[in-house]
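Chemist: Here it is, the structure in full.
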Amino acid sequence: MASLNETGTTVRAPRAPWLTLKRRETIEGWLFVSPTLIGFLIFFLGPLIAVVFYSLSEWNLLSQDTTFVGLANYEDALTQNPDFWQVIRNSVIFAAGLVPMNMALALALAMALARPFRGVVFFRTIFFAPVVTSAVAWAIVWKFLLQGDAGAVNQMLATVGIDGPNWLREPNWAMAAVIVTRVLKMVGLNMILYIAALQSIPRDYEEAARLEGASEWQIFRMVIWPLLAPTTLIIMVITTIGSFKVFDHIYLMTGGGPENGTLVLAFYIYQQAFEFFEIGYASALAMIMFVIVLALTVVQLILRQKGST
Amino acid sequence: MKKGGLTMTRQGLFAAGVAASALLAGGASAQELRFTVWTGNDAHLEMLNGIAEGFRESHPDVTVRFETIPAGDYTQKLTFQIAGGNPPDLGWMFEDSIPAFIAAGVVEDIGPALRETEGYDLDDFSGPAMDLWSDGDAVYGIPFSTSPFMVFYNKDMFEAAGLEDPLAMVEAGEWTMEAFRDAALKLTEANDAWGFEFKDGEGYDSRIMHAIMPPIRAYGGHAWQDGECGFDDPKAVEAVTILHDMIFEDQSIVPPGEQGDFFSGSAAMTVNQISRASKMPEAGFAWGIAPLPTGPAGAAPIIGQAGISVFAQGDNKELATEFAAFMTNAENVEVMAQFFPPARASVLDSDAFIDANELIPAEQMAHVSDAIKQGSVLPSHENAPKILAAMKPRFDALFRADADVPATLAAVCAAIQDEL
């Protein structure tokens, strides 16, 4: 060590064995990912772990009273609280309505718009535009269109002799309205994913099938649909997860009403945490939501594996 | 290593420099009070800054910074500031959130300090006005706005319907719920407009209490009292039935799911506070304000309140209390009366208040003054957010054409009883 200090130029040489190329690359690698990693730890993993602890306590934000209550929050939600099961039911209805409708429409649009033709970019843009439109603007405009008698939707229906319902004021119609408007907003994203998948299918397959005498439906059923399966699975998983997490749309269009008809899980959690300031209870509900989404994802992955074997 | 060490030292020096210059710039004795409000209105802020400027005469080193948080997020953001250990020194408080803040112990009792303040005269604030903000001798806030709900009406539409002016009906003692219902129906028939719109068109959502409480109180009913729900009481049922009939039989009230707007001329009457008169010059029609219609229980004016509180976790509680006292002394209450009707009896009776609002004629302001003196505040409760959330779905069911009013109101009571 002493000899090192005698000449400044030799300082680097002894260090070289430690800082091998491999080490250097490792350090550089960590440095490159560190911004994301630090963000992930502080803003994602940290809160995620904290939620587990919060869910075991009764914590009133305003008075800062915190009591450890074990699993009482979970017990209350699952066995005592009738609203909770209505909320779960609403979330399931929302997902069951939204996912198939969204996927069917996305696939239909993708089939129509995957191949180039005059104006295809225009149509793709039209259907994708709502995805990048502000959710607030989207919800407010639809709320306006879906007014009782004065709303544009009902006035259009009236011209063909249909007496439209008061969409956002009747529980079942309100649910239908939020599902359909949500599908219209988000379908463009899945459409793009399907278009990408369709374009990656070599045209040879289709042509070979056609030469063998397959009908259009058979080509779709036997060639295209199986090749789209990985994309379909991904779309199904992300759309289902997204539908369980829906919040902004409900908050803006119905506020969970009428008669709690559109009170879905994410909105209910928001209400508990940010209107009632029951952070512990809200955290327990968030954990339940996490488990539901995780379970759905696992089930879908298993189904996919069974399907491919 | 050496290089690193050097950088560290440099950073250290820099930090020390910043800290030193901050100290120098701040001066040793300068203090800042942070005061949260929900108004972003320039005229309001100018007035508030003017009051803060006046405070500097006695406290030259104190600056007051008014921080606007929009009303819709106000209680939520304030709660998070307090929970996050960063409370403001003072803040405006809504009537519906103060009980929960008192119960949680986050607002300071400033009663003793106010009583010791020379010339303050706490008793000048009327008893009913202080009800919500005090508990025995403890005072957790001072109402700066005690604003009754008044009927705003479109004079042109009343004329078109051949109806007598509501103020004339008030004089004759005929401005009753029946007269109001009758007027709403005739206004709907005579004009291409709704007869009546609930406050801000939100009567089925965030303003349910503003929609139902005026008739319920006029009929002698109440929302809840001493832990007992009053919505299923026959008086309340009778009052709500009238509203229901007006919406669905007469079709004279803007129904749920529709948008009507008094200020743009699509409804002939609405209920609001006098601060909304600021919207009237652009309205383009003749208008007036009248008291709420009376019922079998007589006149039952309803007041919306907002107060000023000092937060218990603030660093400058004493100074903040001094500023609260200064802001609500007789002189400044008079200043604020141009926008916010006062709860000080001395100001309420003064010509200064009657003439304070240049948009509203003195004789109409006299009705405002009467309503403040006789009125009672909207129902409040420390569990208000949960009660309102539990009520909401049942009231959604009430505001349907085929609703069974008594049964639905009984369901409202069943839903909120636990929280009361």
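Chemist: If you take the residues of the range B:44-70 that are part of a helix (DSSP H, G or I) and of a type in the set (A, V, I, L, M), which of them is most open to solvent (accessible area, probe 1.4 Å)?
Modeler: For the range B:44-70, the residue satisfying everything is B:L45.
Chemist: Further, regarding this structure: For the list (1) farther than 28 Å from B:M391 by Cα; (2) part of a strand (DSSP E or B), I need the number of the one condition that B:F196 fails.
Modeler: (1)
Chemist: While we're on this one: Filter the range A:83-111 for residues that are free of Cβ contacts under 8 Å to residues at least 60 places away in the same chain and more than 18 Å from A:L296 (Cα to Cα) and give the result.
Modeler: A:A104, A:A108
Chemist: Within the range A:173-196, restricting attention to residues that are open to solvent by 20 Å² or more (accessible area, probe 1.4 Å) and over 30 Å from A:G148 (Cβ atoms), which residue is nearest to the chain's Cα centre (by Cα)?
Modeler: Here the residue is A:L189.
Chemist: A further question follows. Given (1) surrounded by fewer than 22 Cβ atoms within 10 Å (Cβ to Cβ); (2) in contact with a strand residue (DSSP E or B) (Cβ under 7 Å, 6 or more places away or on another chain); (3) of a type outside the set (A, V, I, L, M), identify the lone condition not met by A:K245.
Modeler: Unmet condition: (2).
Chemist: Further question on the same structure: For the range A:117-140, state whether one or more residues are within 14 Å of another protein chain (Cβ to nearest Cβ), over 25 Å from A:M289 (Cβ atoms) and touching a residue at least 24 places away in the same chain (Cβ under 8 Å).
Modeler: There is at least one residue in the range A:117-140 that is within 14 Å of another protein chain (Cβ to nearest Cβ), over 25 Å from A:M289 (Cβ atoms) and touching a residue at least 24 places away in the same chain (Cβ under 8 Å).
Chemist: Any residue at all in the range B:324-332 that's polar (S, T, N, Q), touching a strand residue (DSSP E or B) at 6+ places or on another chain (Cβ under 8 Å), more than 25 Å from B:V170 (Cβ to Cβ) and at pLDDT 90 or above? Please lay out each step first, then the result.
Modeler: As a first pass, look at the range B:324-332 and keep what is polar (S, T, N, Q): B:328-329, B:332.
Keeping just the survivors that are touching a strand residue (DSSP E or B) at 6+ places or on another chain (Cβ under 8 Å) gives B:328.
Filter once more, so that each one left must be more than 25 Å from B:V170 (Cβ to Cβ): B:328.
Remaining after also requiring at pLDDT 90 or above: B:328.
Yes, the conditions are met somewhere in the range B:324-332.
Chemist: Identify, please: which residue in the range B:98-134 is open to solvent by less than 60 Å² (accessible area, probe 1.4 Å) and free of Cβ contacts under 8 Å to residues at least 12 places away in the same chain and is, among those, farthest from the other protein chains (Cβ to nearest Cβ)?
Modeler: Among them, the one singled out is B:G127.
Chemist: Which residues, counting only those in the range A:197-212, are surrounded by fewer than 18 Cβ atoms within 10 Å (Cβ to Cβ) and touching a residue at least 24 places away in the same chain (Cβ under 8 Å)?
Modeler: Scanning the range A:197-212 gives A:Q199, A:I201.
Chemist: Within the range A:263-286, is even one residue assigned to a loop (DSSP other than H, G, I, E, B) and within 17 Å of A:L98 (Cα to Cα)?
Modeler: Kept after step one, since they are assigned to a loop (DSSP other than H, G, I, E, B), are these residues of the range A:263-286: A:263-264, A:276-277.
When the remaining residues are screened for being within 17 Å of A:L98 (Cα to Cα), the result is A:263-264.
So far as the range A:263-286 goes, yes, one or more of its residues are assigned to a loop (DSSP other than H, G, I, E, B) and within 17 Å of A:L98 (Cα to Cα).
Chemist: Just checking, does the range B:2-13 include any residue being buried (at least 16 other Cβ atoms within 10 Å of the Cβ), at pLDDT below 95 and hydroxyl-bearing (S, T, Y)?
Modeler: So far as the range B:2-13 goes, no, none of its residues is buried (at least 16 other Cβ atoms within 10 Å of the Cβ), at pLDDT below 95 and hydroxyl-bearing (S, T, Y).
Chemist: Do any helices (runs of 4 or more DSSP H) entirely within the range B:71-162 hold 2 or more residues that are of a type in the set (S, T, N, Q), and if so, which?
Modeler: B:74-83
Chemist: With respect to A:A139, determine if the residue is open to solvent by 50 Å² or more (accessible area, probe 1.4 Å), in the same structural domain as A:R221 (by TED's automatic domain parsing) and of a type in the set (G, A, S).
Modeler: No: the conditions fail for A:A139.
Chemist: Return the residue satisfying two criteria in turn: it lies in the range A:145-175 and is more than 21 Å from B:Q259 (Cβ to Cβ) and touching a Gly at 6+ places or on another chain (Cβ under 9 Å), and of such residues it is modelled with the lowest pLDDT.
Modeler: So, considering only residues that are more than 21 Å from B:Q259 (Cβ to Cβ) and touching a Gly at 6+ places or on another chain (Cβ under 9 Å), the one modelled with the lowest pLDDT is A:N172.
Chemist: Scan (1) more than 11 Å from chain A (Cβ to nearest Cβ); (2) closer than 22 Å to B:P215 by Cα for the single condition B:D355 breaks and write down its number.
Modeler: Against the list (1) more than 11 Å from chain A (Cβ to nearest Cβ); (2) closer than 22 Å to B:P215 by Cα, B:D355 comes up short only on (2).
Per-residue answers, yes or no, for (1) more than 19 Å from the chain's Cα centre (by Cα); (2) within 14 Å of chain B (Cβ to nearest Cβ); (3) closer than 17 Å to A:L107 by Cβ; (4) surrounded by 17 or more Cβ atoms within 10 Å (Cβ to Cβ):
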| position | (1), (2), (3), (4) |
| --- | --- |
| A:A214 | yes, no, no, no |
| A:H249 | no, no, no, yes |
| A:M253 | no, yes, no, yes |
| A:E259 | yes, yes, no, yes |
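Chemist: Can you find a residue in the range A:280-297 that is open to solvent by less than 20 Å² (accessible area, probe 1.4 Å) and modelled with pLDDT under 90?
Modeler: Within the range A:280-297 (the criterion being open to solvent by less than 20 Å² (accessible area, probe 1.4 Å) and modelled with pLDDT under 90), the answer is no, since none of the residues qualifies.
Chemist: Now a separate question. Say we look at the range B:71-96 and pick out the residues that are within 12 Å of another protein chain (Cβ to nearest Cβ) and open to solvent by less than 10 Å² (accessible area, probe 1.4 Å); which of these is farthest from the chain's Cα centre (by Cα)?
Modeler: Step by step, filter the range B:71-96, then rank; the result is B:I82.
Chemist: Evaluate the following for A:L263: is it within 14 Å of another protein chain (Cβ to nearest Cβ), under 27 Å from A:L168 (Cβ atoms) and open to solvent by 20 Å² or more (accessible area, probe 1.4 Å)?
Modeler: Numbers: within 14 Å of another protein chain (Cβ to nearest Cβ): yes; under 27 Å from A:L168 (Cβ atoms): yes; open to solvent by 20 Å² or more (accessible area, probe 1.4 Å): no.
No: the conditions fail for A:L263.
Chemist: Would you mind finding the one in B:F340, B:F323, B:F263, B:F285 that is open to solvent by 10 Å² or more (accessible area, probe 1.4 Å) and either within 20 Å of B:G91 (Cβ to Cβ) or aliphatic (A, V, I, L, M) (or both)?
Modeler: B:F340
Chemist: Sticking with this structure for a sec: With respect to B:T321, determine if the residue is part of a helix (DSSP H, G or I), polar (S, T, N, Q) and within 13 Å of chain A (Cβ to nearest Cβ).
Modeler: Answer is no for this residue.
Chemist: Pairs please, first residue from the range B:254-272 and modelled with pLDDT under 90, second anywhere and of a type in the set (K, R) and crowded, with 19+ Cβ neighbours inside 10 Å, Cβ atoms under 6 Å, 6+ apart in sequence or on different chains.
Modeler: Note: pairs meeting the criteria are B:P256/A:R169; B:G257/A:R169.
Chemist: With respect to B:A268, is the statement that it is closer than 28 Å to B:S369 by Cβ and either in contact with a Lys or Arg (Cβ under 6 Å, 6 or more places away or on another chain) or assigned to a helix (DSSP H, G or I) (or both) true?
Modeler: Values: closer than 28 Å to B:S369 by Cβ: yes; either in contact with a Lys or Arg (Cβ under 6 Å, 6 or more places away or on another chain) or assigned to a helix (DSSP H, G or I) (or both): no.
So B:A268 does not fit the description; no.
Chemist: Sort out which residues of the range B:382-399 are part of a loop (DSSP other than H, G, I, E, B) and either crowded, with 20+ Cβ neighbours inside 10 Å or in contact with a strand residue (DSSP E or B) (Cβ under 7 Å, 6 or more places away or on another chain) (or both), and write them in order of number.
Modeler: Selection gives B:F399 alone.
The values are calculated or read from the model by the stated rules, or taken from the named source; none is laboratory data. The model shown is predicted, which means the values in this text are computed figures rather than measured ones. Using ideal geometry, Cβ is built from the backbone for each residue, glycine included, and neighbour counts are taken over all protein chains shown. Quick note on the areas: whole protein, heavy atoms, side chains included, nothing else; ligands and nucleic acids left out. Shrake-Rupley method; radii C 1.70, N 1.55, O 1.52, S 1.80 Å.
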